[in-house]
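Asks: Structure provided below as structure tokens; questions to follow.
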Amino acid sequence: MLEREAVELARALIRIDSTNTGDPATIGDGEARAARFLRERLAEVGYETHYAESHPGRGNLVVRLPGADRDRGALVAHAHLDVVPVHAADWTHPPFGAEVHDGVLHGRGAVDMKGYAGILAAVARDYARRGVVPRRDLVFAFFADEEAGGVHGARWVVAERPQWLAGVTQAIGEVGGFPVPLPGDGPDRRAYLLATAEKGVAAAVLRARGPAGHASRPAADDAVGRLVRAVAAVAAHRFPVVRTPATAAFLLACAGAGDEVGADELERLLDALGPAGPIGRAGLRDLATPTVLRAGYKTNVVPGEAVAELDCRVLPGREDAFRRELAEVLHRAVGDGVRLEWRDWIPPIAAAPDAPLVERIAEAVRAEDPAGTVVPYLMPASTDNKHLSALGIDGYGFTPLRVPAGFDAFGLFHAADERVPVDALRFGARVTERILRTA
């Protein structure tokens, strides 16, 4: 019943269009409808539900199941109920139809992350029906707005309803749990990736000013020239390789690379890891990527200002060093010719890759897939775990799906034709049930 209900709930959630455009003027009430749907399903099996809308239509839902040891830190398992927009013409099947074809469930949110929301709700209902008492308190949370930064979801709950998360010390959410094949030890060696850390995210603005004038008489060092040199220097710069605990655990498990392996050798080893290689490489170093350039308004006019924006991804423990290094790169390129401004700084987070919870996750995976091994990794993006960390909650990313070889679950995030094998959801329900019961 657990597996069937997980699939049914996932399909019901996909049918609720909870598109989050990021623009309040174009966001409907889909997140609230999805949260209220789950509130009804959980209330009917006896849960006391906590529901609130941070803004009209932006629903958040939390329920708690008491554990055997109320003095142990509670565990929150969470999913977000919003999805990114779709262009229906790009889809083979209706994006909100939740149709199943050849054993595969199609629809926006199948992977990111209404599939896991359905699993969590099914596990919560299963526990209530069977009278399961987990080892510690379990909190099931369903948030709005993750796709636009969590302002109306997890961040709002942390700020305005922290009592819903009282006593929580650890969290499980996205992104992880999808297997990638590893070379060696036979063709069935699979690594289920567990996010134990996330890079920090920031936007940097480079602003250059210079004399404006007619393009036939340009200044020797105008704003556009300064900015171009600064952007070229940033784009060419490679930050140093840093072995964070998460990355060190990944490299050791996947490539047998200990501390004695140099940076150049690490690149070669990662190239041999197939699909796992780019994932590991993303955790090796900080990144500053030029993404937006603005200057000028007419071809024959030299503008007085030129602006660039950088997307910055920063490793745990590297915040101060990263800021200093980027400033030095710019100074070498243009001296004081460009001003560096920071905005939207979200710090990195890191949890212990060898915590007892990690072993419980590994045991649950082995029970369903003896050839599977759980491997920590550092995720280069952000999830709601960053907001939960403000309450001292250690976040882990693990939403288990056993997908067939060649099925790129990571690549389906935000993609057209987002889909998931139904058997993968059933596997996820079994593994998640064991994790939460024994954690």
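The values are calculated or read from the model by the stated rules, or taken from the named source; none is laboratory data. Here the structure is a predicted model, which is why all the values come from computation and not from measurement. For neighbour counting, all protein chains shown are included, and Cβ atoms are generated from backbone atoms with ideal geometry for every residue, glycine included.
Asks: Can you confirm whether the range 238-253 contains a residue that is over 30 Å from GLY372 (Cα atoms), assigned to a helix (DSSP H, G or I) and in contact (Cβ under 8 Å) with a residue 12 or more places away in the chain?
Replies: Quick first cut of the range 238-253, residues over 30 Å from GLY372 (Cα atoms) only: 238-240.
Okay, now just the ones that are also assigned to a helix (DSSP H, G or I), so none.
The answer is no, given that none of the residues of the range 238-253 is over 30 Å from GLY372 (Cα atoms), assigned to a helix (DSSP H, G or I) and in contact (Cβ under 8 Å) with a residue 12 or more places away in the chain.
Asks: How many residues, within the range 404-438, are surrounded by fewer than 20 Cβ atoms within 10 Å (Cβ to Cβ), touching a strand residue (DSSP E or B) at 6+ places or on another chain (Cβ under 8 Å) and part of a loop (DSSP other than H, G, I, E, B)?
Replies: So the answer is 4.
Asks: Quick check on the range 44-57. Is at least one of its residues charged (D, E, K, R) and crowded, with 19+ Cβ neighbours inside 10 Å? Break it down into steps so the answer makes sense when it comes.
Replies: Residues of the range 44-57 that are charged (D, E, K, R), as a first pass: 44, 48, 53.
Retained after the next criterion (residues that are crowded, with 19+ Cβ neighbours inside 10 Å): none.
So far as the range 44-57 goes, no, none of its residues is charged (D, E, K, R) and crowded, with 19+ Cβ neighbours inside 10 Å.
Asks: When the residues of the range 90-148 are narrowed to those that are surrounded by fewer than 21 Cβ atoms within 10 Å (Cβ to Cβ) and either hydroxyl-bearing (Ser, Thr, Tyr) or at positive phi (or both), which ends up farthest from the chain's Cα centre (by Cα)?
Replies: The extreme case among them is GLY131.
Asks: Residue by residue through the range 358-385, note down the ones that are at pLDDT 95 or above, touching a strand residue (DSSP E or B) at 6+ places or on another chain (Cβ under 8 Å) and crowded, with 23+ Cβ neighbours inside 10 Å.
Replies: ILE361, VAL365, THR383, ASP384, ASN385
Asks: Moving to a separate point now. Could you check how many residues of the range 381-431 are at positive phi and either in contact (Cβ under 8 Å) with a residue 40 or more places away in the chain or in contact with a helix residue (DSSP H, G or I) (Cβ under 9 Å, 6 or more places away or on another chain) (or both)?
Replies: Here the count works out to 3.
Asks: Looking at the range 158-215, what strands (runs of 3 or more DSSP E) fall wholly within it and have at least 3 residues that are modelled with pLDDT of 90 or more and either touching a Ser or Thr at 6+ places or on another chain (Cβ under 9 Å) or more than 23 Å from PHE427 (Cα to Cα) (or both)? Outline the logic, then answer.
Replies: Details: elements: 168-173, 179-181, 190-198, 200-209.
Ranges flagged: 168-173, 190-198, 200-209.
Asks: Any residue at all in the range 391-404 that is more than 24 Å from ALA121 (Cβ to Cβ), within 16 Å of the chain's Cα centre (by Cα), of a type in the set (A, V, I, L, M) and in the same structural domain as ALA117 (by TED's automatic domain parsing)?
Replies: Within the range 391-404, the first condition is being more than 24 Å from ALA121 (Cβ to Cβ), and the residues that meet it are 392, 404.
After this cut, where a residue has to be within 16 Å of the chain's Cα centre (by Cα) as well, the list is none.
Within the range 391-404, not a single residue is more than 24 Å from ALA121 (Cβ to Cβ), within 16 Å of the chain's Cα centre (by Cα), of a type in the set (A, V, I, L, M) and in the same structural domain as ALA117 (by TED's automatic domain parsing).
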